[in-house]
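This report refers to the structure that appears directly beneath it.
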Number of protein chains: 4
Amino acid sequence: MISDREKAAFEAGIKLGALYHQWVGAPISIATASSLERAIEESVALQPFVTGVKVRLVHDRIISNPFGYSEVKGDLFDVELSTRVGHACCRATLAYKGGYPLMSIVALDPCDRPAPD
Amino acid sequence: MISDREKAAFEAGIKLGALYHQWVGAPISIATASSLERAIEESVALQPFVTGVKVRLVHDRIISNPFGYSEVKGDLFDVELSTRVGHACCRATLAYKGGYPLMSIVALDPCDRPAPD
Amino acid sequence: MISDREKAAFEAGIKLGALYHQWVGAPISIATASSLERAIEESVALQPFVTGVKVRLVHDRIISNPFGYSEVKGDLFDVELSTRVGHACCRATLAYKGGYPLMSIVALDPCDRPAPD
Amino acid sequence: MISDREKAAFEAGIKLGALYHQWVGAPISIATASSLERAIEESVALQPFVTGVKVRLVHDRIISNPFGYSEVKGDLFDVELSTRVGHACCRATLAYKGGYPLMSIVALDPCDRPAPD
């Protein structure tokens, strides 16, 4: 027996792992960061069980290479994501901590609102 | 409060989502499939909380393009992965079902064995 | 001795190969295709020697999976890209032809305009 | 008119750009580097016009994160690749120079040997 809470946590993990490995390596600059943030958010929001996603690519850490741009690396991600399975809602984050792009569950609770139809 | 079971499910999700999006698109043929399977397994096994991983790229679905090779697509994956957090052990799979590369928890139980040191 | 024409061709190849393998696998739907097209264009345009890029993800081939979205695959790409090295300008395309995402040089000529400063 | 030399340069560019963006982000350690090097070589060798490929992931730059492994980044690649189109043979490299994963043509010559059948 797998509970809704456990499934919501599993689904949140899937989306964060997917997000990291899909977008790492993409060319980026401070000027293009927001268009990439929106594209990532729209892309992630398509996936099943996702109820919300907020992506920030930390501008201060976008360091130009000799050709004047950078690429998406683990230290750029600042992501908050929500999933829902049944009545369980999971909120999880991806953020760079202690030299590692850490993915964590920050809340796993009964949902505030009824499920959408 | 997040339980060990929920964390083990979250970690299993991370690894499956990561695996899919890291390796999709890689050139492959039947002749090279097993070397790629081993490379994926060794790579995934490095990640935290992973206690086992078995990757098969379904040979029957490796269809040659006009240049005599193929690429890793969602229908090729047949993966089983185990994670452990504290005393909770999660077993999850990635397999192509109903036209979708589905990720599922197949077991989430107290671990059989004591944790390694 | 490598000519500017040869270098411009090499640079065009780099960008098309990079583009394909960076973005393949990203979740997409018809509703999100244009935001992803813009993000890819802005990303590719950052790279050295690129003078122009036009990305279309062919809407007719965005087929929904059972969860109502799709992912970027080889048959979606319709890309035209220009590079310049010295006085040589290369125009190259990525398009799905004969069951393969084919990359081709379509023109390699002296540039019409003087180089930007 | 595009010459064989120009096409060989274009094809070499495609393969190096593809290689970089396919494999960047993959979990790696010194213990798993050689299995990944072999998998990349076998994968790249499948692609059209490739006549040789040698991949080294520079061990000295595989720096462990807090969880005891690392991931493939731009500074790890040391790649040499050969392509052939008609009678033209191109040798190109990917190596980290001046803070950038630089792709360069190192030779573009008439081939030493007749084309394989």
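Could you work out the local net charge near B:Gly25, counting Lys and Arg as +1, Asp and Glu as -1, over the other residues with Cβ closer than 12 Å to its Cβ?
Working: positive: B:Lys73, C:Lys73; negative: B:Glu71, C:Glu71.
In short, 0.
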To the nearest 10 degrees, the tilt of helix D:4-23 (Cα long axis) against the first principal axis of the alpha carbons of chain D is 20
Relative to chain C, whose Cα atoms define the longest principal axis, helix C:33-45 and its Cα axis are tilted in degrees, nearest 10, by 20
Using each residue's phi in segment A:84-98, evaluate 6.51 cos²θ - 1.76 cosθ + 1.60 at θ = phi - 60° and report the 3J(HN,Hα) Karplus result to the nearest Hz, with x for Gly and Pro. 9, 10, x, 9, 9, 10, 10, 10, 9, 10, 10, 8, 7, 9, x
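Just list whichever of A:Lys73/D:Lys54; A:Lys73/C:Lys54; C:Lys7/C:Lys73; B:Lys54/D:Lys54; A:Lys7/C:Lys97 have alpha carbons separated by over 32 Å in the model shown.
A:Lys7/C:Lys97
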What number comes out for the charge environment of B:Pro66, summing +1 per Lys or Arg and -1 per Asp or Glu over other residues with Cβ under 14 Å away? -1
Any idea how far the Cα center of segment A:4-50 sits from the one of segment D:28-103, in Å? 27
Residue-averaged [θ]222 nm for the protein assembly as shown, counting only DSSP H segments that reach four residues, each worth -39500 (n - 2.57): -9500 deg cm²/dmol
Report, in debye and to the nearest 20, how large the dipole of chain C comes out about its Cα centre when Lys and Arg carry +1 and Asp and Glu carry -1 on their Cβ. 120
Please report, in debye to the nearest 20, how large the charge dipole of segment D:1-40 is about its Cα centre when each Lys and Arg carries +1 at its beta carbon and each Asp and Glu carries -1 there. 60
Exercise: per-residue mean of other protein chain Cβ atoms within 10 Å, C:103-110: 3
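Let me confirm one metric for peptide D:77-86, namely the mean number of other chain beta-carbon atoms within 10 Å of its residues' beta-carbons.
So the per-residue partner count for this stretch is 0.
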If a cysteine in the protein assembly as shown has no other Cys Cβ under 4.7 Å from its own Cβ, put it on the list, ordered by number. A:Cys90, B:Cys90, C:Cys90, D:Cys90
Eligible aspartates and glutamates near A:Lys15 by straight Cα distance, threshold 16 Å, same-chain separation 8 or greater: A:Glu6, A:Glu37, A:Glu41, A:Glu42, A:Asp78, A:Glu80, B:Glu6, B:Glu11, C:Glu71
Rounded to the angstrom and largest first, Cα extents along the principal axes for segment A:4-110 equal 50, 29, 18
When you take every Cα atom in the protein assembly as shown, what is the radius of gyration, and what is Dmax, the widest Cα pair distance, in Å? 22.1, 72
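Values quoted throughout were computed directly from the atomic coordinates according to the rules given, and no laboratory measurement underlies them. No experiment lies behind these values; they were computed from the predicted model shown. When we count neighbours, we look across all protein chains shown, and the Cβ atoms used for this are built from the backbone with ideal geometry, even at glycine.
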